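Single-structure report; data block below.
Please treat every number below as a calculation from the coordinates, not as lab data. Bear in mind that the values here come from a model prediction, so they are computed numbers and not experimental data. No Cβ is skipped: glycine too gets one built from the backbone with ideal geometry, and neighbour counts run over all protein chains shown.
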Amino acid sequence: MNRTGGSLRARLVLQLVAVAAVLAVMLYFTVRSTADRAAEATQDAILGAATTSIAEQLRAGEVGVEVDLAYATFSMLGAMGQESLFYRIDIAGKTVTGYDDMPLPATVPISLAPVFFTSAYLGSELRIAAVARSIVIGKTLVPVLVMVGQTRQGQAAIADRLANRAALLGLGFFVLAVPLSLLSAGSVFNPINRLAEAVRRRGPRDLRPVRDPTPRELAPLVAALNGFVARLRGALSQTETFIAEAAHHIRTPLSTVRTQGEIALRQSTDEATRTRLRAMIRGVEESARSASQLLDHAMVLYRSDQLEREAVDLSQIARNVARAFAPTAELKEVVLVVKGDEGPMLVQGDPLLIESALRNLVDNAIKYSAEETAVALTLSQAEGMVTLTVQDQGRGLSGAGLAELSRRFTRGGNVADVVGSGLGLTIVTEVAAALGGRFVLTEPEQGGTCASLSLPQA
Ligand SMILES: Nc1ncnc2c1ncn2[C@@H]1O[C@H](COP(=O)(O)OP(=O)(O)O)[C@@H](O)[C@H]1O
Ligand SMILES: [Mg+2]
């Protein structure tokens with residue numbers, strides 16, 4: 001398991017939710033202050049109109065000024081709710097009616113356009129509108145100041161209600177933002193999951209660069225992945241070349257040594273030298289076999305990692321292998337026959353792997369057989385599988401099982417003086433596994449050993 005560096009998804013969701021929370025709080029304050037201001041502006045307009053209307057209805061009489069506090073004016077103000085009202089009318093700087101201690105505005109009004117201000121009065125907050133005009137009394141122009149003040153408890157209540165609603169709205173907005181951010185975070189990671197899926201679905205041999213369309217932001221990742229794939233491809237092809245070259249470089253000089261040894265053996269008359277030469281030839285033979293099996297094994301491991309499946313004719317391979325082993329069989333006077341190869345037997349697999357497995361089976365069959373016996377290669381077909389059975393009349397397995405004999409470099413207790421490296425059955429088992437086939441090794445009643453390799457039919 002990889003060490004994880006936290007979850008990008010969680011981080012993204014957290015950030016989105018945090019942004020939503022900030023926006024919700026901002027929404028609350030904006031709604032609240034806008035509502036406050038709107039309510040104040042409306043009430044100011046009414047208060048101003050009432051004040052102006054009182055000022056306009058001032059009439060100069062013969063002795064003084066006539067003030068008409070029309071009921072309509074105050075009922076208009078009363079419509080705003082249960083508020084207390086105060087007024088003050090000053091003529092020539094003296095309060096003639098109303099509350100003479102009502103606070104005066106900081107800037108004195110000069111016309112009927114009202115000046116508004118807020119001031120504390122008699123223990124409550126008062127919103128006051130003030131207007132000014134002049135009237136002629138007698139023959140002189142005297143300034144008149146009219147002020148009407150009003151408490152704003154109703155407005156505060158309305159503002160509180162609006163604020164509560166704004167808070168609810170903000171909360172709803174935030175609650176909605178959580179699933180939405182989960183959803184959008186999910187959609188952000190979809191392309192990454194698709195890319196991973198595309199890479200995962202690839203066949204083992206598929207070392208092409210990734211070309212699936214991906215978002216621009218993933219381009220560096222895809223480029224790095226492709227670079228890695230390219231390096232891997234290079235390393236694998238180097239391995240393939242190495243295996244082929246190593247096989248060549250080891251087999252060729254060994255066969256030269258062997259040929260030279262045989263010539264020397266034929267020419268020598270000295271018995272001691274002949275014995276030594278025989279031992280040498282046998283040693284060389286053994287190393288040649290081990291080397292080629294080791295290389296075969298490396299080849300099988302390499303090729304099963306990047307399998308190329310094609311339709312392969314098992315009859316053809318069986319005949320080729322039998323032909324290649326004919327001289328060896330002849331030396332031991334073993335009759336090597338192929339049966340059931342009349343028509344093509346197509347299997348799904350890699351020809352080199354199959355041939356390597358078959359070579360090892362036939363090699364064992366001949367090696368562990370007595371002289372003047374028979375080895376039969378039989379092909380048959382059943383249930384979507386093609387089976388090749390290699391049956392000998394040799395010494396049998398002495399009760400040993402495949403699980404044990406197919407271990408690397410493991411040889412049976414029945415080998416006596418037969419040369420070997422213990423890799424043959426390892427190779428066969430690996431090939432069977434790589435190609436989705438089956439391999440069984442049995443000792444039939446009539447004696448000998450029966451090895452059968454089944455491969456999926458093409
Ligand atoms: N046809 C056979 N007859 C008898 N014994 C066999 C046969 N094939 C395999 N074996 C046993 O299985 C062992 C493992 O086989 P293998 O992996 O090919 O190694 P090697 O042939 O090099 O000893 C052999 O050592 C031998 O004991
Ligand atoms: Mg063997």
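Descriptive notes on the structure:
- Relative intensity, log₁₀ I(q)/I(0), of the stretch 372-419 from a Debye sum that treats every alpha carbon as a point, q = 0.22 Å⁻¹: -0.98
- For the chain, the Kirkwood estimate of the hydrodynamic radius, built from every pair of different alpha carbons, is 32.7 Å.
- Helix 351-367 and the long axis of the chain differ in direction by around 40°, with both axes built from C-alpha atoms.
- If you look at the Cα atoms of the stretch 309-458, you get an Rg and a Dmax of 14.3, 41 Å.
- The trypsin sites (Lys or Arg not before Pro) of the stretch 134-189 that meet both conditions, a loop assignment by DSSP and at most 13 other Cβ atoms within 10 Å of the site Cβ, are Lys139.
- Relative contact order of the chain, pairs being alpha-carbon contacts under 8 Å that are 6 or more residues apart, as %: 10
- Taking the alpha carbon gyration tensor of the stretch 268-374, multiplying each eigenvalue by 5 and rooting it gives semi-axes of 32, 20, 8 Å, largest first.
- Those trypsin sites (Lys or Arg not before Pro) in the stretch 1-96 that DSSP places in a loop and that have at most 16 other beta carbons within 10 Å: Arg3
- Packing-based exposure ordering (other Cβ within 10 Å, fewest first) of Met26, Met280: Met26, Met280
- For the stretch 206-306, the alpha carbon convex hull comes to 77 Å³ per residue, rounded to a whole number.
- Per-residue ellipticity at 222 nm computed for the chain from its helices equals -18500 deg cm²/dmol, with DSSP H segments shorter than 4 residues left out and the rest contributing -39,500 (n - 2.57).
- The gain in end-to-end length when the Ser84 to Leu331 segment is fully stretched comes to 75.9 nm, 0.36 nm per residue minus the alpha carbon separation.
- Convex hull (Cα only) mean projected area of the stretch 149-190, reported in nm² to one decimal: 3.4
- Scaled against the 2.2 N^0.38 Å expected of a compact globular protein of N residues, the Cα radius of gyration of the stretch 8-160 reads 1.48.
- Modelled label positions at Ala403 and Val136, each set 7 Å beyond Cα in the direction of Cβ, lie 12.9 nm from each other.
- Applying a DSSP loop filter and a limit of 13 other Cβ atoms within 10 Å to the GluC sites (Glu not before Pro) in the stretch 333-389 leaves Glu333, Glu342, Glu371, Glu372, Glu383.
- Cα centroid separation - the stretch 311-354 against the stretch 105-174, whole Å: 111
- FRET E, pair Leu301, Leu180, Förster distance 45 Å, beta-carbon r, rounded to 0.05: 0.30
- Counting all C-alpha pairs of the stretch 100-231, share separated by more than 21 Å (%): 71
- Couplings 3J(HN,Hα) for the stretch 34-45, derived from phi with the Karplus relation 6.51 cos²θ - 1.76 cosθ + 1.60 (θ = phi - 60°), are 5, 5, 4, 5, 5, 5, 5, 4, 5, 5, 4, 4 Hz, where x marks Gly and Pro.
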